[in-house]
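**Student:** The structure follows.
The values are calculated or read from the model by the stated rules, or taken from the named source; none is laboratory data. Computed from a predicted model, the values in this text were never measured in an experiment. As a convention, Cβ positions derive from the backbone with ideal geometry for all residues, glycine included, and neighbour counts pool all protein chains shown.
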Amino acid sequence: MDASVASLDQPAPVSTENPGKRADIRRLAAASSIGTTLEWYDFTVYNLMAALVFNVIFFPSFDPLAGTVIAFSTYAVGYLSRPLGGIVFGSLGDKLGRRWVLVATLILMGTVTGLMGLLPTYETWGIWSPIILVLLRFLQGAAIGGEWAGSVLLSMEHGEDRHRGRNASFTQVGPACGTLLGAGFIALITFVMTPETFQEWGWRIPFLSSVLLVMLGFWLRRGVDETPVFKSIEAKQAKVDAPVREVFVGHWRRLLIAGSARIGSDIVYALLVVFTLAYVTNVLHLPRSTALTATIIGSVFHAVSVPLFGMLSDRLGRRPVYALGAVLSLGWGFVFFVLLDTASPVLICLAVIVGMIFQAMMFGPQAAFVTEQFPTRVRYAGSSLAYTLAGIVGSGLAPLVITGIFKVWESSLAVSLYIAGGLMITLVALAFARETAHKPLEE
């Protein structure tokens, strides 16, 4: 199966072992991870607010669980708009360069999140309030649709071939860091404020604070040069006029494989980070601090594990590490709710921590695996499309589907089966994928 895929449209490889002067690896790591840190800070803040207060301040006419489902529906809008951003910014990234697009998407993403913090509630603006919230989510998703691939390429295309898994994983640390910052900040605010004050105006503070991350990200990315491999195809005048069209016409099998491989890991992450809070607070009726603590501790383990598994994929290959994480996550999806249902804070933390480590086994190699499927001339567009299209099925719809499944069947077993189905898609995609860990990048 690997040979049939590997034989597709193979241009001459280009090595990045000695592309000239290397950018400082620490600045590269920070510049590539800051975008996804901001992305997941924004999304974590939104996710937690959807579970905690949005069902009251923006959708007050529904019971708590139904309001949460609707709030998660607006969360999904941010993923439905990502392919639009992937098409627009992915095409620009292959035509104008990685660095230019990364600065533009970062500013757009932070501006939209800040506006969310200024949005009047349903009580003040009525129906216009949730409508504008959905519009802002749409714009936020479009910006993020062009962000991820560029963040990965910034570090991976600057680095050496033998460290591509490690370098690409810098971007993958962002979700854990963003989740940690978002959940930790909200936990601090809820600790120092009364529930009434938090619901009245305290929820706005985390949204407005994202401006600080934007300023830091702008400074970091302004100081990083364009990647050597993009400069190479630019010097050879080998850029493509219509990168998106070439991806769909000439690389559709790679697009399908790269996107499908992401689905299972995205669903698992949505379960651990998004649904856990709603389940612990609305079903088990435990304090929100219990779920927030588990999420924070789990995110620390995730942030540490992701680069380790990225480095391991440089040694063993992308597919073996990725597949092992999928298999372990599949089994843990059934153990997870058994531990949660004990209502023990220690066991709830254990359930999230182990789940995060298993998910990191997929997430660590994922960035290199996805981007290495495409040649340099369409790598930004191809990676963006794989990321955004899979994100709709995985991260975007998963919180809504998981919540809906539980509401209809009132069974965690049904949720575990859904998780298992998503991971099976990932395993099938890996079976058809080609191993890219020990090969030069294609030009």
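**Student:** Looking at segment 345-367, is at least one residue closer than 21 Å to Val415 by Cβ, more than 20 Å from the chain's Cα centre (by Cα) and of a type in the set (Gly, Ala, Ser)?
**Tutor:** Among the residues of segment 345-367, at least one is closer than 21 Å to Val415 by Cβ, more than 20 Å from the chain's Cα centre (by Cα) and of a type in the set (Gly, Ala, Ser), which makes the answer yes.
**Student:** Given the residues Arg245, Arg222, Arg262, which is the only one that is under 20 Å from the mean Cα position of the chain (by Cα) and closer than 22 Å to Arg98 by Cβ? Step through it out loud before you land on a result.
**Tutor:** On the way: Arg245 fails: under 20 Å from the mean Cα position of the chain (by Cα); Arg222 fails: under 20 Å from the mean Cα position of the chain (by Cα).
Answer to the check: Arg262.
**Student:** When you scan segment 255-299, how many residues do you find that are farther than 20 Å from Leu339 by Cα and touching a helix residue (DSSP H, G or I) at 6+ places or on another chain (Cβ under 7 Å)?
**Tutor:** From segment 255-299, those farther than 20 Å from Leu339 by Cα are 255-266; that's our starting set.
When the remaining residues are screened for being touching a helix residue (DSSP H, G or I) at 6+ places or on another chain (Cβ under 7 Å), the result is 255, 257-266.
So the count comes out to 11.
**Student:** Checking the conditions here, which among Thr194, Thr171, Thr124 is farther than 12 Å from Asp42 by Cβ, of a type in the set (Val, Ile, Thr) and either buried (at least 21 other Cβ atoms within 10 Å of the Cβ) or touching a Leu at 6+ places or on another chain (Cβ under 6 Å) (or both)?
**Tutor:** Thr171
**Student:** So, one more: Starting from segment 77-91, keep only residues that are without any contact (Cβ under 8 Å) to a residue 24 or more places away in the chain, then list their pairs with residues that are charged (D, E, K, R) and part of a helix (DSSP H, G or I) whose Cβ atoms are within a distance under 8 Å, requiring at least 6 positions of separation or different chains.
**Tutor:** Close Cβ pairs satisfying both conditions: none exist.
**Student:** In segment 360-379, what residues are of a type outside the set (A, V, I, L, M), more than 14 Å from Val306 (Cα to Cα) and at pLDDT 90 or above? Please lay out each step first, then the result.
**Tutor:** Step one: list which residues in segment 360-379 are of a type outside the set (A, V, I, L, M), which gives 363-366, 369, 371-377, 379.
From what's left, more than 14 Å from Val306 (Cα to Cα): 371-377, 379.
Listed by number, the residues that qualify are Thr371, Glu372, Gln373, Phe374, Pro375, Arg379.
**Student:** Sticking with this one: I'd like to verify a number: residues in segment 412-443 that are β-branched (Val, Ile, Thr) and assigned to a loop (DSSP other than H, G, I, E, B), how many?
**Tutor:** Quick first cut of segment 412-443, residues β-branched (Val, Ile, Thr) only: 415, 419, 425-426, 428, 436.
Imposing the further condition that a residue be assigned to a loop (DSSP other than H, G, I, E, B) reduces the set to 436.
Summing the residues that are β-branched (Val, Ile, Thr) and assigned to a loop (DSSP other than H, G, I, E, B) in segment 412-443 gives 1.
**Student:** Look through Arg162, Arg166 and report the one residue that is at negative phi and surrounded by fewer than 22 Cβ atoms within 10 Å (Cβ to Cβ). Even if it seems obvious, please write down each step before you answer.
**Tutor:** Details: Arg166 fails: surrounded by fewer than 22 Cβ atoms within 10 Å (Cβ to Cβ).
Every option except Arg162 fails the conditions.
**Student:** Hey, another quick one. Given segment 217-304, what helices (runs of 4 or more DSSP H) lie entirely inside it while holding 1 or more residues that are within 29 Å of Phe432 (Cα to Cα) and of a type in the set (Lys, Arg)? Working first, answer last.
**Tutor:** Values: elements: 228-235, 243-250, 252-270.
Passing ranges, in order: 243-250, 252-270.
**Student:** State the number of residues belonging to segment 235-275 that are of a type in the set (S, T, N, Q), more than 30 Å from Ile348 (Cβ to Cβ) and in contact (Cβ under 8 Å) with a residue 24 or more places away in the chain.
**Tutor:** Initial filter on segment 235-275 (of a type in the set (S, T, N, Q)): 237, 260, 265.
Add one more test, that the residue is more than 30 Å from Ile348 (Cβ to Cβ), and what stays is 237, 260.
With in contact (Cβ under 8 Å) with a residue 24 or more places away in the chain added as a condition, the list becomes 260.
Summing the residues that are of a type in the set (S, T, N, Q), more than 30 Å from Ile348 (Cβ to Cβ) and in contact (Cβ under 8 Å) with a residue 24 or more places away in the chain in segment 235-275 gives 1.
**Student:** Out of the residues in segment 63-105 that are within 16 Å of the chain's Cα centre (by Cα) and small (Gly, Ala, Ser), which is modelled with the lowest pLDDT?
**Tutor:** Here the answer is Ala76.
**Student:** For the structure I just gave you, tell me whether Gly355 is crowded, with 24+ Cβ neighbours inside 10 Å and within 21 Å of Ala143 (Cβ to Cβ).
**Tutor:** No: the conditions fail for Gly355.
**Student:** Give me the pairs: first residue in segment 383-407 and buried (at least 22 other Cβ atoms within 10 Å of the Cβ), second residue of a type in the set (Gly, Ala, Ser) and not in a helix (DSSP H, G or I), beta-carbon distance under 7 Å, and six or more apart or on different chains, which are they?
**Tutor:** Ser384/Gly146
**Student:** Using the structure shown, decide if Phe336 is modelled with pLDDT of 95 or more, under 19 Å from the mean Cα position of the chain (by Cα), assigned to a helix (DSSP H, G or I) and buried (at least 24 other Cβ atoms within 10 Å of the Cβ). Can you show your working first?
**Tutor:** Working: modelled with pLDDT of 95 or more: yes; under 19 Å from the mean Cα position of the chain (by Cα): no; assigned to a helix (DSSP H, G or I): yes; buried (at least 24 other Cβ atoms within 10 Å of the Cβ): yes.
For Phe336, the condition - modelled with pLDDT of 95 or more, under 19 Å from the mean Cα position of the chain (by Cα), assigned to a helix (DSSP H, G or I) and buried (at least 24 other Cβ atoms within 10 Å of the Cβ) - is not met.
**Student:** Hand me the list of helices (runs of 4 or more DSSP H) wholly inside segment 99-162 holding 1 or more residues that are among the basic types (Lys, Arg) and either more than 19 Å from Trp219 (Cβ to Cβ) or in contact (Cβ under 8 Å) with a residue 12 or more places away in the chain (or both). Before you say what the answer is, go through the steps one by one.
**Tutor:** Numbers: elements: 122-125, 128-145, 148-156.
Where helices (runs of 4 or more DSSP H) fall fully within segment 99-162 and carry at least 1 residues being among the basic types (Lys, Arg) and either more than 19 Å from Trp219 (Cβ to Cβ) or in contact (Cβ under 8 Å) with a residue 12 or more places away in the chain (or both), they are 128-145.
**Student:** Moving on to the next point. Identify the single condition in (1) among the aliphatic types (A, V, I, L, M); (2) buried (at least 20 other Cβ atoms within 10 Å of the Cβ); (3) modelled with pLDDT of 85 or more; (4) closer than 30 Å to Thr376 by Cβ that Leu136 does not satisfy, given that it satisfies every other one.
**Tutor:** Condition (4) is where Leu136 drops out.
**Student:** Could you check Thr371 against (1) surrounded by fewer than 18 Cβ atoms within 10 Å (Cβ to Cβ); (2) touching a Leu at 6+ places or on another chain (Cβ under 7 Å) and say which number it fails?
**Tutor:** Among (1) surrounded by fewer than 18 Cβ atoms within 10 Å (Cβ to Cβ); (2) touching a Leu at 6+ places or on another chain (Cβ under 7 Å), the lone unmet condition for Thr371 is (1).
**Student:** Another one. Give me the pairs, please: first residue somewhere in segment 208-233 and over 17 Å from Leu38 (Cβ atoms), second residue anywhere and acidic (Asp, Glu), beta-carbon distance under 8 Å, and either six or more positions apart or on two chains.
**Tutor:** Note: pairs meeting the criteria are Thr227/Glu157; Pro228/Glu157; Val229/Glu157; Val229/Glu443; Phe230/Glu157; Ser232/Glu443; Ile233/Glu443.
**Student:** Determine, yes or no, whether Ser411 is without any contact (Cβ under 8 Å) to a residue 24 or more places away in the chain and hydroxyl-bearing (Ser, Thr, Tyr). Before the answer, list the steps.
**Tutor:** Values: without any contact (Cβ under 8 Å) to a residue 24 or more places away in the chain: yes; hydroxyl-bearing (Ser, Thr, Tyr): yes.
So Ser411 fits the description; yes.
**Student:** Follow-up question, since we're still on this one. Looking only at segment 420-435, count how many residues are buried (at least 22 other Cβ atoms within 10 Å of the Cβ) and either of a type in the set (Val, Ile, Thr) or farther than 25 Å from Ile257 by Cβ (or both).
**Tutor:** 1
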